[in-house]
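Here the structure comes first, spelled out in structure tokens, and everything after it is commentary.
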Amino acid sequence: MLGHLEVNPIMTPRSAPAAIEAQGLEKTYGASVRALDGVSFTVPRGTIFGLLGPNGAGKSTTVKILTTLSRPDAGSASVAGVNVLKHPSEVRRVIGCVAQKNGVDLEASARENLALQGRLYGMHGTDTRRRVDELLARFELSRDADRPARTFSGGMLRKLGVALGLVHRPAVLFLDEPTTGLDPVARSDVWAEIRRLAREDGVSVLLTTHYLDEADHFVDRLAIIDAGRVVTEGTPDHLKSELRGDAIHVALDAESSLDAGRQALSRLNGRLRDLSIEGTTLHARVDDGPSAVPNVLALLDGAGARVRTVTVSRPSLDDVYLKHTGRTFGAAARSSCNPRTSPRAICERCGASRCTW
Amino acid sequence: MQLTQPLIWLLLFGQLFKNVAQLPGFGGASYIDYLAPGVLVMNTLFSNGWSGTAYIVDMERGVLDRFLVAPARRSSFLIGQLAYWAVLTIIQSIILIGIALLVGARFAGGAVSLLALIAGAVLLGLSMASFSNALALRLRQQETVIAANVMLVLPLCFLSSTFLPTTLMPEWIQTVARYNPVNWAVEIGRQTLDAGVDWGIVLSRLGWLAALAALLGWLAVRSFRAYQRSV
């Protein structure tokens with residue numbers, strides 16, 4: 001029977017190592033801040049791989065270790081087949097890295113920033129100049145190439161930051177939250193460019209994001225990372241299809257008893273999966289969601305719970321996140337927000353415009 | 001722009017204390033002669049003290065991390081920056097010597113003694129820059145680095161023979177001045193004024209300054225490593 005034969009996207013020929021392999025990475029800052037608690041994942045070559053998780057989950061720490069900036073307390077990692085811990089300087093030659101903070105020298109022009117970057121990677125005069133012009137054109141910065149970077153908009157700075165990561169034609173590109181803080185237009189520009197890099201130039205890309213929609217639509221594979229661990233890994237579609245049934249979210253009135261609601265719903269026996277409570281909302285999955293709604297409402301009504309809203313949908317990445325971590329992504333992002341560091345209307349850390357902080 | 005401050009010191013103090021030079025202990029030199037090497041040394045301290053602020057800006061903007069993921073040698077980041085300050089110190093010193101000549105200072109010690117003064121200024125400047133870098137890499141606060149610069153430079157200058165000869169100072173300040181690196185550099189500067197240069201003083205002070213620059217350079221390297229570990 002060949003019916004179960006599937007092409008496994010992770011399988012690559014032995015001669016071509018994975019773009020990135022992380023094995024049991026652990027890192028503790030200071031005495032007690034456990035940033036990574038055994039992170040393992042594999043990034044196949046030529047793919048766009050996303051690390052999805054709320055702030056503080058360990059995404060940036062993982063990137064810092066893989067880009068040789070930081071050393072893990074335990075575990076091992078290789079990038080393009082090169083051991084990160086044993087041969088950091090070789091790894092540095094084959095990777096490009098765009099940190100959350102762009103790393104742009106604001107007093108210098110875009111051209112000067114790029115040229116110095118070329119020198120840092122040992123490139124020579126004419127080669128650097130040609131490459132710099134090429135990148136300026138590609139990121140539509142040619143017209144502003146000689147202005148000081150401090151006059152650039154956020155979107156332009158981000159593009160320049162990505163361009164800096166590409167000067168030496170890296171095989172593996174790391175992008176730490178490439179679209180955080182960008183407006184929608186700049187965001188889709190950056191995305192188009194990242195896709196082009198992976199599709200046309202064959203660059204393997206690892207990016208971190210805390211935007212569910214980005215992870216859903218733009219990455220080939222993703223790993224959800226929570227509290228320093230990878231809780232699940234796969235293609236977005238695969239992860240969602242693992243969740244059977246439809247997602248159903250019921251928001252109850254503040255006076256209603258959540259316990260009564262929970263008990264009522266559990267009488268949907270057999271059809272209900274992964275029931276959980278968050279605030280005044282019940283999250284669960286049921287087979288054939290739309291036809292279950294009247295039943296759900298009747299049961300809750302019978303238990304004296306007053307329903308404010310009911311949502312039924314195909315499982316989203318948020319439901320995937322909920323299943324593996326026991327809380328929704330929005331709640332995780334809010335709990336990691338610190339009102340002292342992000343007292344803004346649009347929360348800098350969780351990116352949500354309605355972040356309650 | 002960077003030279004505005006030493007010009008004010010040189011011209012204002014030169015006028016203000018003009019008559020001080022008639023006190024015994026100055027050996028009859030004009031005060032502007034006396035002041036010029038001191039202002040040169042003080043200017044070196046002030047400008048090199050800014051060194052660490054560049055690190056803080058680079059840390060905040062992620063420039064330092066970008067450099068650290070590049071395959072360039074780690075030592076080149078510290079050395080490159082110190083080279084920048086050394087060149088800047090040399091250029092500023094030459095300009096200040098030129099201005100001092102214009103306003104009437106005379107350096108009877110000759111060109112070689114002036115070169116020794118510039119070398120001393122460079123070594124003192126590198127010490128100051130390294131100290132500022134170490135502070136920046138450890139504390140990572142712009143205000144601290146700037147405050148340390150101001151709090152350190154003025155007292156160190158007043159506790160040296162920058163403005164007055166040690167013979168006119170209270171005894172405790174004389175003692176402090178003996179161990180004050182700023183005074184070592186100023187003592188080299190004093191030798192440029194007299195035709196009979198005491199090369200023993202010049203060379204010993206240069207040696208002490210070189211040792212200090214090495215010590216503080218080592219401290220900066222250690223702070224750089226501490227930063228790398230904390231990333």
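The values are calculated or read from the model by the stated rules, or taken from the named source; none is laboratory data. Note that the structure is a prediction, hence the values are computed from the model and not measured. Virtual Cβ from ideal backbone geometry, glycine too; neighbours counted across all protein chains shown. Accessible surface is based on the protein model in full, side chains and every heavy atom, while ligands, DNA and RNA are left aside. Shrake-Rupley method; radii C 1.70, N 1.55, O 1.52, S 1.80 Å.
Values for this structure:
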| item | result |
| --- | --- |
| Listing of helices (runs of 4 or more DSSP H) fully contained in segment B:1-93 that carry 2 or more residues being within 14 Å of chain A (Cβ to nearest Cβ) and out of contact with any strand residue (DSSP E or B) (no Cβ under 6 Å at 6 or more places or on another chain) | B:51-60, B:63-68 |
| Within segment B:63-100, considering residues that are under 21 Å from the mean Cα position of the chain (by Cα) and aromatic (Phe, Trp, Tyr), the one most open to solvent (accessible area, probe 1.4 Å) | B:Tyr84 |
| Test: residue in segment A:96-114 that is within 17 Å of A:Val43 (Cα to Cα) and either in the same structural domain as A:Ser204 (by TED's automatic domain parsing) or in contact (Cβ under 8 Å) with a residue 40 or more places away in the chain (or both) | yes |
| Test for B:Gly14: is it touching a residue at least 24 places away in the same chain (Cβ under 8 Å) and surrounded by 19 or more Cβ atoms within 10 Å (Cβ to Cβ) | yes |
| Of all residues in segment A:71-83 being of a type in the set (A, V, I, L, M) and on the phi < 0 side of the Ramachandran plot, the one that is farthest from the other protein chains (Cβ to nearest Cβ) | A:Ala74 |
| Helices (runs of 4 or more DSSP H) fully within segment A:236-338 counting 3 or more residues that are open to solvent by less than 30 Å² (accessible area, probe 1.4 Å) | A:258-266, A:289-302, A:317-325, A:329-335 |
| Unmet requirement for B:Phe163, which otherwise passes all of (1) open to solvent by 10 Å² or more (accessible area, probe 1.4 Å); (2) part of a helix (DSSP H, G or I) | (2) |
| Counted residues, segment B:123-148 - those being within 23 Å of B:Val186 (Cα to Cα), small (Gly, Ala, Ser) and either touching a Pro at 6+ places or on another chain (Cβ under 9 Å) or surrounded by fewer than 23 Cβ atoms within 10 Å (Cβ to Cβ) (or both) | 2 |
| A:Ala149 being over 21 Å from A:Leu207 (Cα atoms), within 13 Å of chain B (Cβ to nearest Cβ), touching a strand residue (DSSP E or B) at 6+ places or on another chain (Cβ under 7 Å) and small (Gly, Ala, Ser) | yes |
| Matching residues, segment A:84-113, being away from chain B (no Cβ under 12 Å), of a type outside the set (Asp, Glu) and either surrounded by 15 or more Cβ atoms within 10 Å (Cβ to Cβ) or touching a strand residue (DSSP E or B) at 6+ places or on another chain (Cβ under 7 Å) (or both) | A:Leu85, A:Ser109, A:Ala110, A:Arg111 |
| Unique residue being at pLDDT below 90 and either open to solvent by less than 40 Å² (accessible area, probe 1.4 Å) or closer than 27 Å to B:Gln191 by Cβ (or both) when the list is B:Val112, B:Val103 | B:Val103 |
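Matching residues to (1) among the hydrophobic types (A, V, I, L, M, F, W, C); (2) modelled with pLDDT of 90 or more:
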position: A:Asp216; (1), (2): no, no
position: A:Asp220; (1), (2): no, yes
position: A:Ile225; (1), (2): yes, yes
position: A:Arg229; (1), (2): no, yes
position: A:Gly245; (1), (2): no, no
position: A:Ile248; (1), (2): yes, no
position: A:Ala260; (1), (2): yes, no
position: A:Ala264; (1), (2): yes, no
position: A:Leu268; (1), (2): yes, no
